[in-house]
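Trainee: Please read through the structure below; I'll follow up with questions.
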Amino acid sequence: STEWIKAIARDEVPEEDVIAVQAGGREIALYGVDGEVYATANLCTHGNARLCDGFLEGHEIECPLHQGRFDVRDGRALCSPLRENLATYPVRIEDGMVFVAL
Ligand code: FES
């Protein structure tokens, strides 16, 4: 069953950038893009790298280790060396807080 977990204040999510949060015992990356907030797993599906240390351009997060890119909207792996998509989580904004469904 879906559980909505309070992650962070909405205004702490940086615009055009990424921040990592702990939510429900998991490490989640939150992205601010064009006024929207997107959530994915923070760990790259290719290796031991944290996407919060990567580079966000538009809706694409680039892994800091081998420059694999994912679309933060659906977790799609966009290029090599990535083979596996990234988990994404639904986001809800309520009372100035960001909630993610885990
Ligand atoms: Fe992310 Fe290799 S660890 S692309």
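Trainee: Once you charge only the Cβ atoms, +1 for Lys and Arg and -1 for Asp and Glu, what is the size of the charge dipole of the chain about its Cα centre, to the nearest 20 debye? Don't jump to the answer; show the numbers that get you there.
Mentor: Numbers: 9 positive and 18 negative charges, 96 e Å.
The dipole of the chain has a size of about 460 debye.
Trainee: Can you pull a Stokes-Einstein diffusion coefficient for the chain at 10 °C (1.306 mPa s), Rh from Kirkwood over Cα pairs, as a whole number of µm²/s?
Mentor: 119
Trainee: Give the order of Ser1, Ser80 when sorted by the count of other beta carbons within 10 angstrom, beginning with the fewest.
Mentor: Ser1, Ser80
Trainee: Taking the Cα of Glu16, stepping 7 Å toward and past its beta carbon, and measuring to each backbone N in region 23-48: which are under 12 Å?
Mentor: 33-35
Trainee: OK, next. Tabulate in residue order the Karplus-calculated ³J(HN,Hα) for region 55-64, using 6.51 cos²θ - 1.76 cosθ + 1.60 with θ = phi - 60°, rounded to whole Hz; enter x for Gly and Pro.
Mentor: Using θ = phi - 60°, the values come out as 10, 9, 10, x, 8, 10, 9, 9, 5, x Hz.
Trainee: Which of Ile8, Ile61 has the fewest other C-beta atoms within 10 Å, and how do the rest follow up to the most?
Mentor: Neighbour counts put them in this order, fewest first: Ile8, Ile61.
Trainee: When DSSP assigns beta bridges and you keep just the ones with both residues in the chain, what percent turn out antiparallel, to the nearest 5?
Mentor: Percentage antiparallel, nearest 5: 95.
Laboratory data are not the source of any read-out in this text; all were calculated from the coordinates shown. Note that the structure is a prediction, hence the values are computed from the model and not measured. FYI the Cβ positions are ideal-geometry reconstructions off the backbone, even for glycines, and counts take in every protein chain you see.
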